[in-house]
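Only one structure is covered here, and it is reproduced in the block below.
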Amino acid sequence: MKGADLINTVVPEEVLMDILTRVESKPDLDSCALVCRKWNRIDRLTRRSVKIAAYGAADQLLARVIGRFTGLTSVIIDELVPLSSYFPPGLATPSRHRRNTLSGSRKRNRNSPESSSSSVEENEIEQHSLSDAGLSFLGVGCKQLEHLSLTWCQSLTSLGLVSIAENCRALKSLEIQGCYIGDDGLIAIGQNCKLLQELNLKFCEGISDKGLTDLARNSNSLTSLAISSCPSITDMSLQAVASHCHHLAALTLEMDSIKDDGVISIAKGCRSLKSLKLQCVNVGDLALQVVGSFCASLEVLALYSFQGFTDGSLCAISKGCKNLRQLVLTDCNLLTDRSLEYIARGCTKLEHIEINGCQNIESTGLESIGRFCSGLLKLSLVYCSMLLKSAFIEVGSGCSLLQSLHLFECPRFDDDAMCQIAVGCRNLRQVHLRRCYEIRDKGMISVGKNCKYLTDLSLQFCERVTDESLFAIADGCSLQHLSVSGCHKITNNGLAAIARSSPDLISLDISVLENIGDIAMAELAEGCPKLKEISLSQCTKVTDVGLTHLVKGCMGLETCSMVYCPLITASGLATVVSSCSKIKKVLIEEWKVSERTRRRAGSVLTSLCSEL
């Protein structure tokens, strides 16, 4: 106010510090840091977490970040993260093509001719990747570190992790993915980080039973363990975890090398287990029967791609795990309706059930869920072609608290079933239907009349839905998320009704709609100022004029997809880039990007624009 400071002179510094620690969004924190020198200094002291790239002179970048923020407790280092704004000026950054070349080279044999031909370029990039020296500097500079995540940091070895272990003894959470770290690093973590609670290992070929076994012996506080695609880890490691980590509450395994014995050991030794997620082809009925006998506290059970489980497994779970609240079954082809009947009668506290591709599950199982699980909050059914209308009607009658419904290719789900669910489940917040070809306007009109709390609606490729459905939704609901991709009968009129009734709309997918044009863009600009994401791909009638209207009202747009829109040109792209200061991702044909737009957009367009 013309030089007068009406905040810093009144608000004590400790209150300002408390306020800034409650700001979660990085862009908002960055903006606060630019307000004045005092706020910048407070930001340096109070910022607790950063997420930075693992490439492009990563050691120097990490040094600058640590030097600026002295109170960091959480650090995420990931090659997939866009280069941070803290990147030192003047340092060259690898292009998108070169980074993709590096990522692809990881998947090839290092001794193959293809790998040899790109070795020079790979070495050039790797010399700027995060190294053990950079990780050591992190350990020395952030001794209060509690959470560390390392993703595809190819140049790291055990030496860097040993430095972290020796300096960051308060470490509680460690995630390692795609790094060539060996057993010595994991052993050092176990010996020094006695507060470690969460460990997540993915694609760690250098870690074997030796490292994980030694860590388990020294980490009695471990409560969460996730292991994926680590071929040298076997049942021996799980037996060590079961013997020493009795407080383990969550276990996730995606491993072909794990067999029944390992899971049985966990069930017997970690009886406070609450979450079990398995994708192990060599684990079968016996393991789950033991889980049902010993893990009475189990609340989450997820089984992926299992051919060895039968109804007997879930029978045991239903008898022993009465507190089960979430059940996920994916491609478990030996399970039948009897499994769901067991669960429905034995686990009446069930809140979330997801069934994906279990071809032998028909209607009676889901009918039982509707009868006995009155507290169900989320139902997701994907590729369940055998389900009859009666199953959905039972859910509508018995699950009045249902908040989320997700159906993908359920061919017998029709308007009558949708009406029954809409009338009986008035608390619905989220309805996602994809390729449910029997859904017409009648079902959606019922949703609009009865489900006043609905904020998230997706009707992808429900081809018989028309504007009448959107009129009804607009009359009864105020949406934040809408997808009508592939609903060919939707026109400007239906979308205009949504725009006028949903001022809080954040994301919109109207791709593959041939009857949507510039009028709809103008309506969105006027009615949906909070819109952040929009997909216009294959909207053949949207032009540069429509984009001009859109960005005038939706200046906070962050993501815009407009692939295969023949009437959108380089001029329209330039309008979006120049008008939306928060734009982060633009998907469009590469040939439509002019040199001027590329220069103006900078790294955002260069790194995020798709090359088709």
Put one equal scatterer on each alpha carbon of region 313-390, apply the Debye formula with no solvent term, and list log10 I(q)/I(0) at q = 0.12 1/Å to two decimals.
-0.27
Provide the net charge surrounding residue 37, with neighbours chosen by a C-beta distance below 11 Å and charges set as Lys +1, Arg +1, Asp -1, Glu -1.
+2
Long-range amide H partners of residue 142, meaning residues 5 or more apart or on another chain whose placed amide H is closer than 5 Å, are none
Solvent-accessible area per residue for region 487-599 at a 1.4 Å probe radius, Å²?
43 Å²
So what does the Cα-only Debye profile of region 254-408 read at q = 0.15, 0.16 Å⁻¹, as log10 I(q)/I(0), no solvent term?
-0.70, -0.80
Signed unit charges on C-beta, dipole axis of the chain, positive-most listed residue 433, 571, 390
571
Given a cut-off of under 8 Å on Cα pairs at least six residues apart, what relative contact order in percent is computed for the chain?
5 percent
Taking every pair of alpha-carbon atoms in region 197-242, what share in percent sits in each 10 Å bin, from 0 to the bin with the longest distance?
28, 64, 8
Considering only C-alpha atoms, what is the centroid distance from region 525-579 to region 407-446, in Å?
31 Å
Lys/Arg +1, Asp/Glu -1 at C-beta; the chain dipole; positive extreme among 63, 501, 264:
63
Given 452/585; 26/541; 452/532; 449/530; 51/143, the pairs whose alpha carbons are separated by over 27 Å
452/585; 26/541
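Taking 2.2 N^0.38 Å as the expected size of a compact globular protein, what ratio does the Cα radius of gyration of region 386-527 give against it, to two decimals?
Computed over Cα atoms of region 386-527, the ratio equals 0.98.
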Run down the lysines and flag those whose C-alpha is under 16 Å from the C-alpha of residue 268, throwing out any fewer than 8 positions away in its chain.
259
Note, ³J(HN,Hα) from phi for region 480-492, Karplus 6.51, -1.76, 1.60, rounded to Hz, x at Gly and Pro:
10, 9, 9, 9, 10, 4, x, 8, 5, 8, 6, 10, 4
Net charge near residue 557: determine it from the other residues with C-beta under 9 Å of the C-beta of residue 557, scoring Lys and Arg +1 and Asp and Glu -1.
0
Determine the dipole magnitude for the chain: charges of +1 sit on the beta-carbon of Lys and Arg, -1 on that of Asp and Glu, nothing else is charged, the reference point is the Cα centre, and the result goes in debye to the nearest 20.
1360 debye
Starting from the amide H of residue 246, placed 1.01 Å from N in the peptide plane, find each other amide H under 5 Å away whose residue is 5 or more places distant or on another chain.
none
What does the charge dipole of region 478-612 about its Cα centre add up to, to the nearest 20 debye, if the Cβ of each Lys and Arg holds +1 and the Cβ of each Asp and Glu holds -1?
340 debye
Cα-based radius of gyration of region 509-566 once divided by 2.2 N^0.38 Å, which approximates compact folds:
0.98
For a bin width of 10 Å, list the pair-distance distribution of region 180-281 built from all Cα-Cα distances, rounded to whole %.
17, 57, 25, 1
Residue-normalised accessible area of region 201-245, expressed per residue, 1.4 Å probe, Å²:
36 Å²
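Over the chain, with every protein chain in place, what whole percent of the accessible area is carbon and sulfur at 1.4 Å, could you tell me?
51 percent
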Quick one: net charge around residue 321, please, counting Lys, Arg +1 and Asp, Glu -1 for every other residue with C-beta under 11 Å from its C-beta.
+4
Counting pairs of alpha carbon atoms under 8 Å apart in space and at least six apart in sequence, what relative contact order in percent does region 412-489 give?
32 percent
The ³J(HN,Hα) series, computed from each phi in region 382-387 with the Karplus coefficients 6.51, -1.76 and 1.60 at θ = phi - 60°, rounded to the nearest Hz and given as x for glycine or proline, is 10, 6, 9, 6, 8, 5
Non-local residues with an amide H under 5 Å from the amide H of residue 406, with H modelled 1.01 Å from N and Pro and chain starts lacking one, are 379, 380, 381, 432
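The values are calculated or read from the model by the stated rules, or taken from the named source; none is laboratory data. For clarity, every value in this text was computed on a predicted model and none was experimentally measured. Glycine also receives a Cβ, built like all others from the backbone with ideal geometry; neighbour counts cover every protein chain displayed. The accessibility values were calculated without ligands, DNA or RNA, using every heavy atom of the protein model including side chains. Shrake-Rupley method; radii C 1.70, N 1.55, O 1.52, S 1.80 Å.
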